[in-house]
Amino acid sequence: MNTLYYSTSLYLKQHAHQPVHWIPWEREVFLRAKTLQKLVIISIGYSSCHWCHVMAHECFEDSEVAKTMNAFFINVKVDREELPEVDHFYMKAISAMGGNGGWPLNCICLPDGRPIYAATYLPKNNWIALLNSIQSLFVNEQNTAIQYANQVESAIKESNRFILDSTKNSLSSETIHRAVQNLEHQLDYTHGLLQGAPKFIMPGFWLFLLEFSVRHPFPHITKALPHTLKSIAMLGIRDLLNGGFYRYSTDSSLKIPHFEKMLYDQAQLINLFWDAYAKYKDGLYLNTAQHTLQFMESCFELPQQGFAAALDADTADGEGVYYCWNLNQLKNSLSIEQWKVFTTCFDTSNASFWEEAKAHVLRYNRAVESQLLYNCNAETPEPLQSLFNSLKKIQSGRAAPVLDTKQILSWNALVLKTYVKGYETTGKTYYKNKAASLAHFLMSQFYNLQLGIWQHQISNFKAYGKANFEDLSYLLSSLLDWMNCSEDASIKTRCRDLTQYIWFHFKDPQSPMFFFGSESNELPFPTIELQDGVQPSANALMAENLLRMGLIDQYQPWIDHAKGMILSMQNSISNALPYYSQWAKSAHYWTEPMVFIKIVGNSVDEIWQYLHGRYRYNCVLWVLIDETKNAFNISVCDLESCKRSDSDIPSVINSLVAQGFLGST
């Protein structure tokens, strides 16, 4: 029978009515499989995934498919957001087989859980044919199936191995410069982002280029970077009406998006535009950051605190219908003045027309004058806001996409970084207060004091599952950020304790890296994740965390370990920079001039008066609140030595601006 009905996962509940005898991931799965000598289908997806919905309708709701699956297989449904370590393991498997990852991810495994075949979306006939073929192989050529599993296992384990080159004991700026130079033919100077399709934004990559270009304004970077920022702010990958960014563009011209909205995208892209505004002082970037944050709060923020995971791409009316517009119908619904504003601000040509929906996706005209889109305060002008209000009224009559309300620790940690960066950039106490509230929520609700463990998610007011390495690497990074804006002196101790917790639970004894999961979670063996995707590599971020903690605590072993992690990744940075940009960013602390700035005083707000709105280049910042101090002190160090502390903060700030470590206000 299908036992998904009682799951906490929205994704699993979406499959609870199907005739397939689905069971959730649990300890007994492989014991049962070994007893019955049955293959296991592990089908992985998430609630807002369009192609997961398509395959569910075409295959898993079909009685013929269900008959085959129920007769020969044990069928396991996995929510990748609830069990990311399971998703990571089987995603490595499909890569080891030479396939392209994506969701739904369907792995066919031996009774011990080791995969022998993996595929993403397949239509009904192809899926049935595949199942019959694999079942026949298992029955008639079991040794061949075991050989396949052994080969995949070896390939995954090989990806966990690190061979450190003893001749490379220093990090080279030439490695990164060469990698950036090689981007020249990968960047799309017409539409933005990288060439090809589909197009994922990968915010961390553009954050790295933003920083790199401060000291190294390579012509192809200074051309592509602002063009990309404007493209994603103005074209179809951003929801210009409601706010927020879609997960990716299905085409190379950012015309038609894949309409799901993920919390991790919103948080990272707000940070990208905060930093872009701090560097360039362009009102479009500030408007985009503020508008996206307002959307994130209105749509994703939950009454019980914390932020939900994702907004579905599909509604009862179909994929993307909620966001598209028939121009003839729209003209009849708007006033003459509003229609004039619409045709002035928005692209009404074929460049915004989606053939499948017979309607247009909102995108700004590239030539539209900026004052029509935002005023001097980076807020939406009244004529455009009036149009937006009318469009939202029309939209309110449509079936709205469903929100998956699970709260994931790592993604909420990214939101905390967003609020901290908002305070740093604008000086608004609203962002500081929101950061304080969210930081308290994360530290109190995701930590199980009774069990002494961090937990991965909250669903229906209850924490579930053990936190993985990504959860805690992201959390540590966000708390280190928050420590610089908080009067709470205990944050430093929490960061130190969290660093030690991560080391104890996740450190790989055979390499400098950290395992994704602290336990196998019934997986055949643990894995290590190194690449950036749309989110930064947790290992790369941990290298930066260890450097920051080492400098703050004056503990050299952590600094040395961070350097060792980065040393082992130089070849990957050189060969595939877009997928190792967080490693490149962390490497910058050793390959470029850097500063460790420590400011001591009795008031966070007074200290930040000197720092608000300044772009920081290759800085590790530590703001220490000491209420016994009557005066401020600032000291500036690098990785080798420190200068004498100084009470003349404006003079030191001006010196750092002159050296290029701080930008203008």
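The values are calculated or read from the model by the stated rules, or taken from the named source; none is laboratory data. Nothing here was measured: the structure is a model prediction, and the numbers come from that model. Here Cβ is always computed from backbone atoms with ideal geometry, including for glycine, and neighbour counts include all displayed protein chains. Heavy atoms of the whole protein, side chains included, go into the accessibility calculation; ligands, DNA and RNA do not. Shrake-Rupley method; radii C 1.70, N 1.55, O 1.52, S 1.80 Å.
Based on every Cα atom in the stretch 264-355, Rg and the maximum pairwise Cα distance Dmax equal 16.9, 44 Å.
Entry note, the stretch 41-112: relative contact order of 55 percent, from Cα contacts under 8 Å with a spacing of 6+ residues.
For LYS281, a cut-off of 18 angstrom between C-alpha atoms picks up these lysines, skipping any fewer than 8 places away in its own chain: LYS223, LYS230, LYS421, LYS428. Classify the stretch 211-271 from the C-alpha gyration tensor, please: rounded if a/c falls under 1.5, else prolate or oblate depending on whether a/b exceeds b/c. Prolate is the answer for the stretch 211-271, as a/c is 1.5 or above and a/b outweighs b/c. Among the GluC sites (Glu not before Pro) in the stretch 116-212, those located in a DSSP loop and surrounded by at most 16 other Cβ atoms within 10 Å of their own Cβ are GLU141.
For ASP251 and THR68, what does the FRET efficiency come to when R0 = 56 Å and r is the distance between their Cβ atoms, rounded to the nearest 0.05? Please report the intermediate quantities before stating the final value.
Details: r = 36 Å, r/R0 = 0.64.
My answer for the efficiency is 0.95.
The relative contact order of the stretch 515-648, computed from alpha carbon pairs under 8 Å that lie at least 6 residues apart in sequence, is 18 percent. About the centre of its Cα atoms, the chain shows a dipole size close to 340 debye [charges on the beta carbon of Lys, Arg (+1) and Asp, Glu (-1) only; nearest 20 debye].
With the dipole of the stretch 78-194 worked out from charges on the C-beta (+1 for Lys and Arg, -1 for Asp and Glu) around the Cα centre, which of VAL180, TYR148, LEU105 lies farthest toward the positive end? The Cα lying farthest towards the positive end belongs to TYR148. Pop out the carbon and sulfur fraction of the accessible area of the stretch 509-665 as a percent, whole number, probe 1.4 Å. Carbon-and-sulfur percentage of accessible area, whole number: 43.
Straight-line reach from LYS34: taking Cα to Cα under 20 Å and skipping same-chain neighbours fewer than 8 places apart, the lysines in range are LYS77. Calculated mean residue ellipticity, 222 nm, the chain: -14500 deg cm²/dmol, from DSSP H runs (n ≥ 4) at -39500 (n - 2.57) each, averaged per residue and rounded to 500.
LYS358: net charge of surrounding residues, Cβ under 14 Å, Lys/Arg +1, Asp/Glu -1, itself excluded? Charge balance near LYS358 sits at -4.
Taking the average, over residues, of other Cβ atoms within 10 Å as the packing measure, peptides 434-442, 267-275 rank 267-275, 434-442 from highest down. The candidates ARG238, ARG32, ARG80, arranged from most to least accessible area with a 1.4 Å probe in the full protein assembly, appear as ARG32, ARG80, ARG238.
The residue among ILE44, ALA16, LEU31 whose Cα reaches farthest toward the positive pole of the charge dipole of the stretch 7-91, with charges on the beta-carbon of Lys, Arg, Asp and Glu, is LEU31. Measuring nothing but protein heavy atoms, the accessible surface of the stretch 109-207 at 1.4 Å probe radius is 47 percent carbon and sulfur. For LYS340, the aspartates and glutamates whose Cα falls under 15 Å of its own Cα, not counting residues fewer than eight places away in the same chain, are GLU369, GLU382. Considering only alpha-carbon pairs that sit under 8 angstrom and 6 or more positions apart, the relative contact order computed for the chain is 12 percent.
With both labels modelled 7 Å from their Cα along Cα-to-Cβ, the GLN329 to GLU301 distance reads 3.2 nm. Looking at the stretch 454-524, the pairs of alpha carbons with a distance over 15 Å make up 60% of the total. Quick check: net charge around HIS21, other residues with Cβ under 13 Å of its Cβ, Lys/Arg +1 and Asp/Glu -1? Here the count lands on +4. A simple count of charges around ILE408, restricted to other residues whose Cβ falls under 12 Å of its Cβ and scoring Lys, Arg +1 and Asp, Glu -1, yields -4.
Note that the stretch 186-194 has calculated 3J(HN,Hα) couplings of 9, 7, 9, 7, 9, 10, x, 6, 8 Hz, one per residue in order, obtained from phi through the Karplus relation 6.51 cos²θ - 1.76 cosθ + 1.60 (θ = phi - 60°); glycine and proline are x. Rolling a 1.4 Å probe over the protein heavy atoms of the stretch 262-413, with every protein chain left in place, gives an accessible area that is 48 percent carbon and sulfur. Are any of the pairs LYS563/LYS598; LYS13/LYS406; LYS279/LYS629; LYS261/LYS434 more than 25 Å apart by Cα-Cα distance, and if so, which? Cα-Cα > 25 Å for LYS279/LYS629; rest within. A Cβ-based charge dipole, computed about the Cα centre of the stretch 463-533 with Lys and Arg at +1 and Asp and Glu at -1, lands at about 260 debye. Take the chain with all the other protein chains still there, run a 1.4 Å probe, and you get 40 Å² of accessible area per residue.
Could you give the dipole magnitude of the stretch 515-665 about its Cα centre, charging the beta-carbon of Lys and Arg +1 and that of Asp and Glu -1, in debye to the nearest 20? It works out to roughly 400 debye.
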